[in-house]
């Protein structure tokens, strides 16, 4: 028999409440916007809707330009890389964990020469170590929040040393946007990649690329890049068909409606206050886990707001099974922290109440994590 959860409704392991590090369950007003009748991806009304989404994104990201690309966060990361660099150029990439390694794979697939900077698991990248590798480098590519460790890396400081060296900066902000401070133009990053299904609280399916003024100047350089990911093409379509179809491919209109609803909520609340609440919920989650004997990853100053990582000592199969029975989904560990649980604090379930329910169901860390 399935056990009820504290609210009195029966838990449903087949459709658990998502507390994984993305995708999240959207808040009701976002889901309602997503469920509107499907609209055409062209016409004056649609063009105004698309422009509203880009305007709100620029405001939230502190960016000079923003693009919505149908696809995943990884697609946005690849677009940011291929529009910023030429094949054969040299980039420094901190190997921060699972997604730092993915950046290395993306860069090498595009023909970049990668200097892989090893970073101890659970530690933040040291800007000084990046600076030591920058002479002769064309850029830095790094993860803002590494989802495998729950560590936030000092993008603003790294961008500062890169600017001094004349190097471009590309940032994977998929797991940080709307949860961490991020100012694309103010920090001097060239390109930042994100997606809609984590801190922006929407269903998956849209990648986001944001550029500073300097970053946009770089994409005008004539170098090889794929048809779909060529941001110059997206600029041309927007300039030539601004009030009709301002993008070169079919746009998933309902995802854009959902994104606007979420961005409006963030802007209306005030971005600093929105981020503070994310931090408070994450701190609360870590306090509850610590009380139950779990070991948190990383130093407090570098722990992220949207994902909490705590060590179990062994793979977390049994933990995940117990939570599934309670109708909650969290995630197990990824390299380099396999012996861990990962809790996402995004969307409708990133609340103090859900943290209490989740951590109560986890119990203590005085029993084996393995199955």
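The numbers here are math on the coordinates, done by the rules we state, and not lab data. What you are looking at is a predicted structure, and each value in this text was computed from that prediction instead of being measured. Cβ sites come from the backbone with ideal geometry, for glycine too, and all protein chains shown count toward neighbours.
Taking the C-alpha atoms only, the angle from helix 155-164 to the longest principal axis of the chain is near 30 degrees. Considered as an equivalent ellipsoid built on the Cα gyration tensor, the chain has semi-axes of 34, 27, 16 Å, the largest given first. Taken along the Cα-to-beta-carbon direction at a fixed 7 Å, the label points for residue 338 and residue 86 span 4.2 nm.
Sorted ascending by nearby beta carbons within 10 Å, beginning with the fewest, 220, 255, 200 become 220, 255, 200. Helix 44-61 and the longest principal axis of the Cα set of the chain meet at an angle near 70°.
Between residue 118 and residue 276, what FRET efficiency comes out of the Förster formula 1/(1 + (r/R0)^6) with R0 = 51 Å and r the beta carbon distance, rounded to 0.05? Efficiency, rounded to the nearest 0.05: 0.95. Give the angle, between 0 and 90 degrees and rounded to the nearest 10, that separates the Cα long axis of helix 73-84 from the longest principal axis of the Cα atoms of the chain. Long axis of 73-84 versus the principal axis of the chain: about 30 degrees.
A Förster radius of 45 Å combined with the Cβ-Cβ distance from residue 351 to residue 132 puts the calculated FRET efficiency at roughly 0.60.
In this rough spin-label picture, where each label sits 7 Å from Cα along the Cβ direction, the residue 109-residue 29 distance is 3.7 nm. Annotation: peptides 179-188, 33-42, 259-268, ranked by per-residue average of other Cβ atoms within 10 Å with the highest first, follow the order 179-188, 259-268, 33-42. The stretch between residue 51 and residue 213, if pulled fully straight at 0.36 nm per residue, gains 56.5 nm over its current Cα-Cα span. Spin-label pair residue 15-residue 301: with each label point 7 Å from Cα along the Cα-Cβ axis, the two points sit 4.6 nm from one another. For the chain, a Gaussian network of Cα nodes joined below 10 Å ranks 251, 346, 19 by mean-square fluctuation, and the top entry is 251. Sorting 90-102, 74-86 by their mean Cβ neighbour count within 10 Å, with the most densely packed peptide first, gives 74-86, 90-102. When DSSP beta bridges are restricted to pairs lying wholly in segment 1-160, around 25% turn out antiparallel.
Secondary-structure-derived ellipticity at 222 nm for the chain, considering helices only, amounts to -12000 deg cm²/dmol, per-run term -39500 (n - 2.57) for DSSP H runs with n ≥ 4.
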